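Colleague: I have a structure here, written as structure tokens, and I will follow up with some questions on it.
The values are calculated or read from the model by the stated rules, or taken from the named source; none is laboratory data. What you see is a predicted model; the values in this text were computed from it and never measured. Virtual Cβ from ideal backbone geometry, glycine too; neighbours counted across all protein chains shown. Surface areas here come from the heavy atoms of the whole protein model, side chains and all, with no ligands, DNA or RNA. Shrake-Rupley method; radii C 1.70, N 1.55, O 1.52, S 1.80 Å.
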Amino acid sequence: MELTVLNHPLVEHKLTVLRDKNTSSATFRELVSELVMLEAYEATRNLDVVDKPIETPVAPMVGKHIAEPRPIIVPVLRAGLGMLDGMTKMIPSAEVGFLGMKRDEEHPTQQITYANRLPDDLTGRQCFLIDPMLATGGTLVAATHYLAERGAKDVTAVCIIAAPEGIQFVQEHIDPSIDFKVVVCAVDEKLNDKCYIVPGLGDAGDRLYGVID
């Protein structure tokens, strides 16, 4: 597993505003999109490209073009949807799938899959999993293995913040045959007794979309 933690003043500034409990949902959504766009630069560093001959107004040249099959972006519902706009702005040619997973509250590292909209065959596809929080790590491992069962071997997870416990869990449980990378804006202090990241930013889904009773 390859872990990249962004180190940039813009990221630090935007992340501080994002964390603030007084930040409105509208501003929160905009900041998530902006942070994901900054993360996408690192997340796509090894994106497959091919030569593409073109002509500029001055002369012919050979540039680069994203290779086929197109990469696929997979938000983990529901909070991952808040990151989708930023990722598709950076990779507009990518396809989009959806994966619904939620934590089993009685067993925090186990997940319940309740929805998926993915191709049956992901062989040869570069996959980008997007989920704001890497907390216990259970969702990320389960989602990655879910993609791997469909043939994916190159998976990059893009998260806003992570807990050390979650990173360790992923390192210990991810299938080593998968070329797996994680990009985050920050690694926080710890998880609390409710498996929330501390200091964290609260429940990302609730802050993006409001509380659902």
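Colleague: Taking each full run of DSSP H in the chain as one helix, which ones are at least 24 Å long along their axis (Cα atoms) and have mean Kyte-Doolittle hydropathy of at least 0.0?
Modeller: Working: long enough: 25-43 (26 Å, 0.41).
In the chain, the long hydrophobic H runs are 25-43.
Colleague: Using Cα pairs under 8 angstrom and six or more residues apart, how large is the relative contact order of the range 88-194, in percent?
Modeller: Over the range 88-194, the number comes to 24 percent.
Colleague: With Cα extents along the principal axes in Å in mind, check [x] 54, 42, 34; [y] 63, 47, 37; [z] 61, 37, 30 and report the label derived from this structure.
Modeller: Step by step, Cα extents along the principal axes in Å for this structure corresponds to label [z].
Colleague: While we're here: Could you please state, rounded to a whole Å, how far the C-alpha centre of the range 157-213 is from the C-alpha centre of the range 79-101?
Modeller: Comparing the Cα centres of the range 157-213 and the range 79-101, I get a distance of 18 Å.
Colleague: If you roll a 1.4 angstrom probe over the protein chains with everything in place, what fraction of the accessible area of the chain belongs to carbon and sulfur, to the nearest %?
Modeller: 51
Colleague: To continue, here is another question. Using a 1.4 angstrom probe, figure out how much accessible area the chain has per residue, in square angstrom, rounded to the nearest whole.
Modeller: That works out to 52 Å² for each residue.
Colleague: Using θ = phi - 60° and the Karplus curve 6.51 cos²θ - 1.76 cosθ + 1.60, what whole-Hz ³J(HN,Hα) does each residue of the range 50-56 get, with Gly and Pro shown as x?
Modeller: Per residue, the Karplus-derived 3J(HN,Hα) values read 10, 5, 9, x, 9, 10, 7 Hz.
Colleague: Using DSSP, restrict attention to beta bridges with both residues in the range 133-213 and report what percent are antiparallel, rounded to the nearest 5. Don't skip to the end; give the middle numbers.
Modeller: On the way: 2 of 11 bridges.
The antiparallel proportion sits near 20 percent.
Colleague: Using 0.36 nm per residue of separation minus the Cα-Cα distance, give me the extension gain between His13 and Cys195 in nm, one decimal. Don't skip to the answer; put the middle values down first.
Modeller: On the way: separation 182, 0.36 × 182 = 65.52 nm, distance 2.54 nm.
Extra length from His13 to Cys195 when fully extended: 63.0 nm.
Colleague: Pro164: net charge of surrounding residues, Cβ under 11 Å, Lys/Arg +1, Asp/Glu -1, itself excluded?
Modeller: Once positives and negatives cancel, what remains is -2.
Colleague: Could you report the accessible area of Thr123 in Å², rounded to 10, computed with a 1.4 Å probe on the protein chains as they sit in the structure?
Modeller: Ignoring ligands and nucleic acids, Thr123 comes out at about 90 Å².
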